[in-house]
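Structure, as structure tokens:
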Amino acid sequence: MYSVLFVCLGNICRSPLAEGAFRDEVAKRKLPIITDSAGTAAYHTDNPPDPRAIATAKRNGVNIGSLRARQVKPADFKRFTHIVAMDTDNLANLKRVQPQDSTARLSLMMDWAKGREGASVEDPYYGDEDGFAVTWADVVEASKGLANHLAHKPD
Ligand code: 4NP
């Protein structure tokens with residue numbers, strides 16, 4: 001059984017959107033995959049997602065309003081089969097805190113979108129609302145690729 005943890009910096013913009021998009025994708029396909037999200041930083045612990053992220057998900061039929069931010073912890077590296085970072089800084093920070101007995105497979109979110117491997121999901125926090133629509137499109141595209149991978153090509 002697979003379990004996927006999506007990780008960004010604050011856990012209030014990109015990773016909750018990724019969690020929502022991926023949950024929607026696995027529900028449509030009836031895949032038994034556990035999902036969660038977390039931040040490499042603890043600034044927003046226990047806060048709900050950014051209102052602009054909640055509104056963007058809602059416009060696309062996905063409710064992320066009940067999610068609460070938390071920081072990545074060492075146990076996550078054993079509890080989840082896959083940990084998916086939103087950008088290259090988050091991935092580098094994950095590798096820095098990855099325990100020796102970690103079993104999770106680490107990747108970048110856009111590695112799961114054909115032709116966009118190695119790219120980052122840009123941080124929309126300091127921009128305007130349009131940035132959140134771009135984030136949503138990116139995480140939906142990558143979620144489809146990841147769900148496809150986990151459904152058809154288990155490794
Ligand atoms: P996220 O966006 O990493 O996509 O959740 C950010 C949220 C908060 C901050 C930075 C990025 N911040 O500096 O507080």
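The values are calculated or read from the model by the stated rules, or taken from the named source; none is laboratory data. Values in this document were obtained by computation on a predicted structure and should not be read as measured data. Cβ placement follows ideal geometry from the backbone for every residue including glycine, while neighbour counts extend to all protein chains displayed. These accessible areas exclude ligands, DNA and RNA; they are computed on the full protein's heavy atoms, side chains included. Shrake-Rupley method; radii C 1.70, N 1.55, O 1.52, S 1.80 Å.
Quick one: count up the residues across the range 27-61 that are of a type in the set (A, V, I, L, M, F, W, C) and open to solvent by less than 20 Å² (accessible area, probe 1.4 Å).
Of the residues in that region, 4 qualify.
Quick one: count up the residues across the range 6-22 that are surrounded by fewer than 24 Cβ atoms within 10 Å (Cβ to Cβ) and either more than 8 Å from the ligand (Cβ to nearest atom) or at pLDDT below 95 (or both).
0
Quick grid of which residues meet (1) of a type outside the set (F, W, Y); (2) under 17 Å from I83 (Cβ atoms):
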position	(1), (2)
Y2	no, yes
C8	yes, yes
R14	yes, yes
A18	yes, yes
D24	yes, no
K28	yes, no
I33	yes, yes
S37	yes, yes
T40	yes, yes
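Considering only residues that are assigned to a helix (DSSP H, G or I) and either among the acidic types (D, E) or surrounded by fewer than 20 Cβ atoms within 10 Å (Cβ to Cβ) (or both), which ones fall in the range 64-122? So that I can check it myself, show each step before the final result.
First pass over the range 64-122, keeping only residues assigned to a helix (DSSP H, G or I): 76-79, 88-97, 109-112.
Within the range 64-122, D76, K78, R79, T88, D89, A92, N93, K95, R96, V97, D111 meet the criteria.
Every residue in the range 92-123 that is within 16 Å of the ligand (Cβ to nearest atom) and not hydrophobic (A, V, I, L, M, F, W, C), please.
Matches in the range 92-123: N93, S120, E122, D123.
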